[in-house]
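Below: the structure, in structure tokens.
The values are calculated or read from the model by the stated rules, or taken from the named source; none is laboratory data. All of these numbers come straight from a predicted model, not from anything done at the bench. Cβ placement follows ideal geometry from the backbone for every residue including glycine, while neighbour counts extend to all protein chains displayed.
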Amino acid sequence: MRWILFLLSGLLLSLPFRAVAAEVRVCVYDNPPLSFTDASGATRGLLPDLLNEVARQKQWSLSYVSASWTECLEKLANGTVEILPAIGYTPQRAEKFRFAHEAILTNWGQIYQQPGGQFDSLPSLAERKVAVLKDDVHYIGGNGLVHLAETFNVNPSFVEVSSYLEAFSMLARGAVDVALVNRLFGLKHQHKFGLQATAIQLNPIQVRPAFSLHSPVSLTAAFDQQLIEWKQTPDSIFFQLMETWLKEKPINTFPAWLRYLMYLLSAVLITLIITTMWARRQVAAKTKQLEGKNRQLEDELLERQRVEDELRERHQQYQVLFEESQTIIILVDPATAKIVDASPAACSFYQYPREELQGMDVTRLNQLNESEIRTEMASVGNTGAKQFQFTHRLANGQLREVEVHCSPIVVAGRSLLCSIVHDISKRKQAERQLEERNQFLQSVIDGVSDPIMVIATDHRVIKMNRIAREQLMPGYAKQEEPRCYQVSHASESPCSGDEHPCPLEQVQENGESVTVIHHHVTSKGRRIIELNASPLFDQEGKIHAVIEVARDITDRLQTEELLSENEKRLHHLAHHDSLTDLPNRLLFEDRLKQALSKARRNSKQVALFFLDLDHFKDINDNLGHDFGDLLLIDIANRLRSCVRESDTVARMGGDEFLVLLDEVDSLELVEIMAERICASLIHELNQGKYYQRVSASIGISLYPNDGTSGQELLRNADLAMYRAKNQGKATYQYYSSPQTGFLF
């Protein structure tokens, strides 16, 4: 019984694998020598041959599918295929696919160029076109070219292709500057395209087969098991295929006993060598003692010759640096404040003969008094080299502004001061002119009533006018170069969001002037500020600052809003009756025109009611016009309550009203509305001894039966209204007799 259970368990364990192994779909793309499809349509390469051998061992049935690199990734992700053999391992891909634990080989990315190219480092790729395989791990992987370019702030232009062959083809014809491929593909194809490898290598990765997450785990386990067995055998089919496709042979392993024997022989040999060397050293020591005396004499002669050569070289250097130099150099004795020597350039500058300068007191040149000069010379002796700015007088009495670099030196045991003098008169004059221009510019912008600031690209305020300084937020007025967002609204971070969009960022993005609106809360309440920012370009055409002009537009906007409200009110008064606030005839005719246009498009009817109050003149005569006005207002309210929201009630004038029914579908709707209006308007009026029954006569015209224009409908509804008056009032009449039911 136990044997039967054991056999059944083994059979069950083998069922999933053999069921999967009935047909294993493998996706390959053009990536020789790892995988490719030859001219006859057969699948070739290291990885297909390796999978074929695994399939033979595990009794799989392989079905190859040729596709592009991107399509292979998609098929593996959705389970259309079970295996993608040629793919580099990354943690990101391991989340999408199941990788084999055993790596087949290690590969890395290689940048190729045309012969004679100068691409030898990553920065040399800046602003260059680089052909890259879409979704390639060497392109977008963790240590891929995109990551390295961002790390080193290099901005190449990437041209994505569908295969490495396309990348090499574009490089060969000059469509791109360089191409990124894996090193195996490059080694096999660089000579075919006449290309050469650069020194730029990146992103070493392990090439492992990837299995679909929809495939059985047994596929991966079977492949790992078989690959481990092959790797442990030096002459296995794995190493044979590696040698065939990559020309790589396994390293033969030595038996352990042979390795120990080699160590022992090496130790014996080293001992013999050390013994021999020690003996030779003893002989050499004796020989050196005999030769030492002779060499000592030769060394003394050589040293003497060296000193003489050094003195001669220093004299030549002195001639070049002091006598022949165009630099103004004077040597001064700090103890006496007298000039010891001066270069020819110094004699020319000060316009004195060299003999006269030698021994001259420096006070004749320097315009400082003697005590100040001695103080400055003493400071050089105490602190070393120092830089000064003085005013020197020439022989002709002319004054020059000079910059003096002074340092202590020792000449023939004598301590002197070496002063190198530069004439900076023109530079100082230019600086004064620049300062004058800056002051003039400052006075100009100070005369502008709006705050003006010049803002650097890092948000530093490098210049502002008087009104801007007066409006600085507390705590920032005394800063030398505050940030613009500190000045504008006391923030410690740059402007952002709808309330405070950053004009500096918008100018840098667009390269043009921009206008933005800021909302600030000040002591005067909430204010609206309009900021106009214009770019400032440097000599290379790059934006290095912006000019920002601020203007408080709160009052202007409030005025504009008030004017807009007045315009709306005037528009309402022009289109509504002042007594009842109903649309007047002008607005009614416009709505009638729109209703007719809509009816033509939608094949609908329009009904127009013309109402006239019965006995209204008698009411006015007996109760007065004020009461009559109140009655008209009441009639208007009753009419509003009777109609739909889409309908229009208007007053023509006097006691005449109009009702427009839009999009009428049936005659029943018209009659219901007419009866509702008649019933709503009929009521009893008792004022003291005066009694009157209030009602209205209604005339109805229909579009298109009674007219196709607004004027025709109004005229015909008016005629129908008089017909209703003649019929006894308090009723309605159609202009023509319509059909019952639907009008269309």
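Of note:
- In the stretch 627-678, the residues that are within 19 Å of residue 724 (Cβ to Cβ) and of a type in the set (Lys, Arg): 638, 651, 676
- The stretch 364-396, residues that are under 16 Å from residue 416 (Cβ atoms), not hydrophobic (A, V, I, L, M, F, W, C) and not in a helix (DSSP H, G or I): 384, 386
- Residue satisfying all of: in the stretch 123-141; touching a residue at least 60 places away in the same chain (Cβ under 8 Å) and assigned to a loop (DSSP other than H, G, I, E, B); farthest from residue 68 (Cα to Cα) among these: 141
- Filtered residue count, the stretch 50-86, keeping only those that are surrounded by fewer than 18 Cβ atoms within 10 Å (Cβ to Cβ) and over 18 Å from residue 212 (Cα atoms): 6
- Inside the stretch 692-710, residues that are surrounded by fewer than 15 Cβ atoms within 10 Å (Cβ to Cβ) and assigned to a strand (DSSP E or B) make up a count of 1.
- Filter result for residue 120 (surrounded by fewer than 16 Cβ atoms within 10 Å (Cβ to Cβ), farther than 21 Å from residue 71 by Cα and of a type in the set (Asp, Glu)): yes
- Count - residues of the stretch 614-648 that are closer than 21 Å to residue 578 by Cα, small (Gly, Ala, Ser) and loosely packed, with under 14 Cβ neighbours inside 10 Å: 2
- Of the residues making up the stretch 143-180, those that are under 16 Å from residue 120 (Cα atoms), touching a Gly at 6+ places or on another chain (Cβ under 9 Å) and modelled with pLDDT of 90 or more are 177, 178, 179, 180.
- Test: residue 713 is more than 25 Å from residue 617 (Cα to Cα), aliphatic (A, V, I, L, M) and either assigned to a helix (DSSP H, G or I) or assigned by TED's automatic domain parsing to the domain that holds residue 637 (or both): yes
- Residue 730 passes every criterion in (1) crowded, with 18+ Cβ neighbours inside 10 Å; (2) modelled with pLDDT of 90 or more; (3) over 60 Å from the mean Cα position of the chain (by Cα) apart from (2).
- Answer residue from the stretch 649-680, given it is within 18 Å of residue 710 (Cβ to Cβ) and modelled with pLDDT under 90 and is surrounded by the fewest Cβ atoms within 10 Å (Cβ to Cβ) among those: 653
- Near pairs, Cβ below 9 angstrom, 6+ apart or cross-chain, from the stretch 423-446 (under 20 Å from residue 366 (Cβ atoms)) to any residue that is aromatic (Phe, Trp, Tyr) and surrounded by 11 or more Cβ atoms within 10 Å (Cβ to Cβ): 423/349
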